[in-house]
Structures are given as structure tokens and as C-alpha cells.
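All remarks here apply to the structure that follows.
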Amino acid sequence: MTVVLASPAGRVRAGPVAGESVTVHGMPSELLMFACGRQGQAEVRYEGPEWATAALQVAPFGV
């Protein structure tokens with residue numbers, strides 16, 4: 001799965017490209033919180049297939 005991080009300023013960062021993609025939209029500070037494994041606390045919006053967004057919300061990653 002490809003994860004794309006998108007800020008309101010239009011800046012986009014993508015991980016390695018593989019299969020379906022999920023775009024995570026939010027303020028840079030919220031995207032950082034998300035990327036550090038605090039998906040449940042980050043104020044972000046997901047865009048992508050339902051199964052992929054659900055998997056990403058509970059994925060075990062972080063610092």
C-alpha cells in the first residue's frame with residue numbers, strides 16, 4: 001500500500017509505491033503525529049479504499 005501525506009498548503013509526500021494508495025490529509029503537525037504512530041489522536045482525514053484506510057488507522061508503526 002502507498003501512503004501519501006498531504007498538507008493544506010498543497011505539499012505532498014509519498015512512501016514507496018505499491019498497490020492501492022491512501023492519502024492522509026491534515027496540518028503538518030497532525031501528519032507528524034500520525035507518522036509517529038499516534039493515528040488515533042491525530043486530526044487527519046483519510047482518502048482511499050475503505051479496507052486500506054481501516055488497515056492504516058491501526059497499523060503498528062512509529063518512532
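Taking segment 30-63, which residues are open to solvent by less than 70 Å² (accessible area, probe 1.4 Å) and assigned to a loop (DSSP other than H, G, I, E, B)? Step through it out loud before you land on a result.
Going through segment 30-63, the residues open to solvent by less than 70 Å² (accessible area, probe 1.4 Å) turn out to be 30-31, 33-37, 39, 42, 44, 46, 48-49, 52-56, 59, 62.
Correct list: Cys36, Gly37, Gln39, Ala42, Val44, Gly48, Pro49, Ala59, Gly62.
Do we find a residue being in contact with a strand residue (DSSP E or B) (Cβ under 7 Å, 6 or more places away or on another chain) and modelled with pLDDT under 85 anywhere in segment 43-53? So that I can check it myself, show each step before the final result.
The first filter runs over segment 43-53 and keeps only residues in contact with a strand residue (DSSP E or B) (Cβ under 7 Å, 6 or more places away or on another chain), leaving 44-48, 52-53.
Remaining after also requiring modelled with pLDDT under 85: none.
Looking for residues that are in contact with a strand residue (DSSP E or B) (Cβ under 7 Å, 6 or more places away or on another chain) and modelled with pLDDT under 85, one finds none in segment 43-53, hence no.
Go through segment 1-27 and report how many residues are open to solvent by 40 Å² or more (accessible area, probe 1.4 Å), farther than 18 Å from Phe61 by Cα and either part of a helix (DSSP H, G or I) or in contact with a Leu (Cβ under 8 Å, 6 or more places away or on another chain) (or both).
Result for segment 1-27: 1.
The values are calculated or read from the model by the stated rules, or taken from the named source; none is laboratory data. All of these numbers come straight from a predicted model, not from anything done at the bench. Cβ: placed from backbone, ideal geometry, glycine included. Neighbour counts: every protein chain shown. Just the protein is used for accessible areas: all its heavy atoms, side chains included, with ligands, DNA and RNA removed. Shrake-Rupley method; radii C 1.70, N 1.55, O 1.52, S 1.80 Å.
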